[in-house]
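A.B. asks: The structure follows.
The values are calculated or read from the model by the stated rules, or taken from the named source; none is laboratory data. Computed from a predicted structure; not experimentally measured. Here Cβ is always computed from backbone atoms with ideal geometry, including for glycine, and neighbour counts include all displayed protein chains.
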Protein chains: 4
Amino acid sequence: MPKTSGEETKKNILQVAEKLFAEKGFNGTSVNTIAKTAGVNKALIYYYFKDKNDIIVSLFKNIVNELVEYINQKVTSAESVNQDFSMRNKLKEEIKFFLNRKKIISIMLMEALKADNRSDYLFQCAEIFINHEFKMVMEAFKDHKRNKFPETLHYMVYEFFTGIIPMITFVALQDKWCEHFHCDQEKLLEYFIDSFEKSHLSSHLGLN
Amino acid sequence: MPKTSGEETKKNILQVAEKLFAEKGFNGTSVNTIAKTAGVNKALIYYYFKDKNDIIVSLFKNIVNELVEYINQKVTSAESVNQDFSMRNKLKEEIKFFLNRKKIISIMLMEALKADNRSDYLFQCAEIFINHEFKMVMEAFKDHKRNKFPETLHYMVYEFFTGIIPMITFVALQDKWCEHFHCDQEKLLEYFIDSFEKSHLSSHLGLN
Amino acid sequence: MPKTSGEETKKNILQVAEKLFAEKGFNGTSVNTIAKTAGVNKALIYYYFKDKNDIIVSLFKNIVNELVEYINQKVTSAESVNQDFSMRNKLKEEIKFFLNRKKIISIMLMEALKADNRSDYLFQCAEIFINHEFKMVMEAFKDHKRNKFPETLHYMVYEFFTGIIPMITFVALQDKWCEHFHCDQEKLLEYFIDSFEKSHLSSHLGLN
Amino acid sequence: MPKTSGEETKKNILQVAEKLFAEKGFNGTSVNTIAKTAGVNKALIYYYFKDKNDIIVSLFKNIVNELVEYINQKVTSAESVNQDFSMRNKLKEEIKFFLNRKKIISIMLMEALKADNRSDYLFQCAEIFINHEFKMVMEAFKDHKRNKFPETLHYMVYEFFTGIIPMITFVALQDKWCEHFHCDQEKLLEYFIDSFEKSHLSSHLGLN
DNA sequence: AATGAATGAGCCTTCATTCAT
DNA sequence: CATGAATGAAGGCTCATTCAT
């Protein structure tokens, strides 16, 4: 007997799966557990998803879409608001965006680390993010200083390994960090932002 | 004392397990597969290891030991060699050390990302590494500037998220990065070192 | 009375089921597959059929009815047409009849072969067929030679194992035979008819 | 704890599987049922067999081997014994051979009937059998009458559809036939042999 | 030190079937 | 007539682990 609309059931399954995958990893989570935690029949999961992998891929596709949406809305809002909207505020906002999605980010990282893995959603997300940053920066370079701009690949390496990676690792590990080093989240966030500014932002590849 | 053939078998199992865990993750690798790949009888694995978890823990303990050893030898060698031994060279050496252990590093990262996870080998390694860096830096601060030194926690956050994390993520993802972005390893390494220097090293939390 | 769209849907389901059962066997075919292949909702199948078994039973009943109809029309036409209508032509016609129903025949054979099986549609069909043959032959025996006629059971064994079985096995296996032995259907049919005439028909239990 | 040698366990599984496949068909038999009936752990079945299909293939390969062995021994014995060893006796012996293997024969037939099926063990067996018959017959044709011998393909069609098929169908269906038509096995066998002689053997494609 | 055999529990997936709409 | 949603049971298969030898 259908209690809820199909879409809601599916969304529920996805949320539960995201939580469990983040907790125990993809292979550490059984479809049975997902079903029980979500309070649905196991077979129903296979009514909505081709197989277990389809669940994680759905999650990945969702986060890609959300990221694109986020980026697009940032572009349009960026034009209207004050240009002086400080970098620090932008950074805080981004971290907030990622913190709200720390579960899927952890999952994406875990899966990306498997040498076997054929999915490259982490890199896809990174590209989306970096391309946007790239455009922003190019804007600032308009007429002058163009020759000082680094090669694209170099730029991507910089953005990925000293920008995106610290940020997403931060959201993925902050809870465990706090627990291990006995510090509170607020302070950690503050320190992280400070560190990130001093390292990644301050130099920004010698552009500023 | 001559290594018994047993010790070698055990080492072989560990090496195979490390490779497979790095490829498919801990839960994605079965003891059966380890046995077959290592060419040993499945039951023999249980002769050398209490259970499957004991294998990964052994790997983690090994890397902790190797790190300690590496650090200690750096300390002693640091005293003897030229102080001017440039930071860039030190960095290259460290990356080399990590690159040689990229499999276990990937595994450690994967496991650390699981929200459930009770093991904290990643943080243990980080602490060992950071404590050493800390001592080095303090040395340089000896008499003067002491008041300018940041709070320990702040320092650790900086070292961990903008130093260690980019470095180990680099060694863990470099192969996949090159494949995805069609660049060669040499160039990626060069760009990474450059990026790392410009971000993490150049500022070094405003100490220099 | 115009066929309701419902009747057509039912017929469609039956056709699809027949095709699939012949391809993968009854147990190898899921109701889901039938529904998808037929392009109807799964639950609709249960609107028309009590359960999965009801589908195959429907098919069996259909073929029984068709056989009865075929036999009856042969009887009436036999009276009107030339008695000399050669045996070979009769045989060809019968084979054509069976070839047009090779799918359900294959299914019937498969199911009959299961030692467990409680349905005896194969034997039912055989009885219908043999009884008719029996009457035809008896006709020819009318007044004379009656004593020479074999016992009924013996007659049935002969008709079944050397008449019906070769014929229905031929229609069931001809495609695969051609594929395996690289021969074309025309030639196989010709050879089969020849073989059948020489063995089953020529002797016809020593009656002729 | 291993009660028996592995080979015996494997043989036991095969025997049980053969019985169950013959009763309910391959798809109608679950590995679970095989395990329970054989009194072994389900996982043990996968220790000895790659998958469920490997079980049936093993059975098929066994029967092929047994057939080859049977044929070979017939050849050698044929030379030593009286040439007059009547055809009827030879036939009885063959039927006995097939009756002793009626389960696997039923299975082979069932599987061969599936239009989908990619395995052709039935045809393989048939070829082995027919090739042997062929040689025997050719022997008898030695110098004379050679031109009267039919084309090979024609010969195979004859042997397969009017020789092998009636015979194996007989062994596969005799129990059910007796039950359905209320006759005893002895009588059925007698009638069948008689019918087979009169149809297939008597003409033998017009060779005799 | 090493192995073949064995197991219970659990895995992912599909089954036939039902029900509310 | 027809459908989307739901389910309990069972499917094939693999898991980590153990034991006797």
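A.B. asks: Test of understanding: among A:F160, A:F98, A:F170, which residue is at pLDDT 95 or above, facing another protein chain (nearest Cβ under 7 Å) and buried (at least 16 other Cβ atoms within 10 Å of the Cβ)? I'd like the intermediate steps shown before the answer.
C.D. replies: Values: A:F160 fails: facing another protein chain (nearest Cβ under 7 Å); A:F98 fails: facing another protein chain (nearest Cβ under 7 Å).
Of A:F160, A:F98, A:F170, the one residue that is at pLDDT 95 or above, facing another protein chain (nearest Cβ under 7 Å) and buried (at least 16 other Cβ atoms within 10 Å of the Cβ) is A:F170.
A.B. asks: Just to check your reading of the model, which residue among B:K42, B:K24 is without any contact (Cβ under 8 Å) to a residue 12 or more places away in the chain, touching a Ser or Thr at 6+ places or on another chain (Cβ under 9 Å) and within 11 Å of DNA strand F (Cβ to nearest atom)?
C.D. replies: B:K24
A.B. asks: Given the criterion at pLDDT 95 or above and within 8 Å of DNA strand F (Cβ to nearest atom), identify the matching residue among D:T29, D:T9.
C.D. replies: Values: D:T9 fails: within 8 Å of DNA strand F (Cβ to nearest atom).
That would be D:T29, the only listed residue that is at pLDDT 95 or above and within 8 Å of DNA strand F (Cβ to nearest atom).
A.B. asks: Please verify whether segment D:97-120 includes one or more residues that are more than 16 Å from DNA strand F (Cβ to nearest atom), of a type in the set (D, E) and either more than 18 Å from the chain's Cα centre (by Cα) or assigned to a loop (DSSP other than H, G, I, E, B) (or both).
C.D. replies: yes
A.B. asks: What is the one condition in (1) within 14 Å of chain C (Cβ to nearest Cβ); (2) aliphatic (A, V, I, L, M); (3) over 20 Å from D:K103 (Cα atoms) that D:L20 does not satisfy?
C.D. replies: Going through the list (1) within 14 Å of chain C (Cβ to nearest Cβ); (2) aliphatic (A, V, I, L, M); (3) over 20 Å from D:K103 (Cα atoms), D:L20 breaks only (3).
A.B. asks: Looking at segment C:75-94, is at least one residue part of a helix (DSSP H, G or I), modelled with pLDDT of 95 or more and exposed (fewer than 12 other Cβ atoms within 10 Å of the Cβ)?
C.D. replies: No, segment C:75-94 contains no residue that is part of a helix (DSSP H, G or I), modelled with pLDDT of 95 or more and exposed (fewer than 12 other Cβ atoms within 10 Å of the Cβ).
A.B. asks: Check B:E139, B:E127, B:E133 and return the single one that is in a helix (DSSP H, G or I) and modelled with pLDDT under 80. Write out each step before concluding.
C.D. replies: On the way: B:E127 fails: modelled with pLDDT under 80; B:E133 fails: modelled with pLDDT under 80.
Of the residues listed, the single one that is in a helix (DSSP H, G or I) and modelled with pLDDT under 80 is B:E139.
A.B. asks: Please name all residue pairs, on different chains or six or more residues apart, with Cβ atoms under 8 Å, provided the first residue is in segment D:124-135 and is without any contact (Cβ under 8 Å) to a residue 60 or more places away in the chain and the second residue is among the aromatic types (F, W, Y).
C.D. replies: Close Cβ pairs (under 8 Å, with a partner that is among the aromatic types (F, W, Y)) amount to D:A126/D:F160; D:I130/D:Y155; D:I130/D:F160; D:F134/D:Y155.
A.B. asks: Still on this model: Count, please, the residues in segment A:45-68 that happen to be surrounded by fewer than 16 Cβ atoms within 10 Å (Cβ to Cβ), assigned to a helix (DSSP H, G or I) and within 16 Å of DNA strand F (Cβ to nearest atom).
C.D. replies: 4
A.B. asks: Looking at segment A:58-74, can you tell me whether even one residue there is within 16 Å of DNA strand E (Cβ to nearest atom), within 14 Å of chain C (Cβ to nearest Cβ) and at pLDDT 95 or above?
C.D. replies: No: zero hits.
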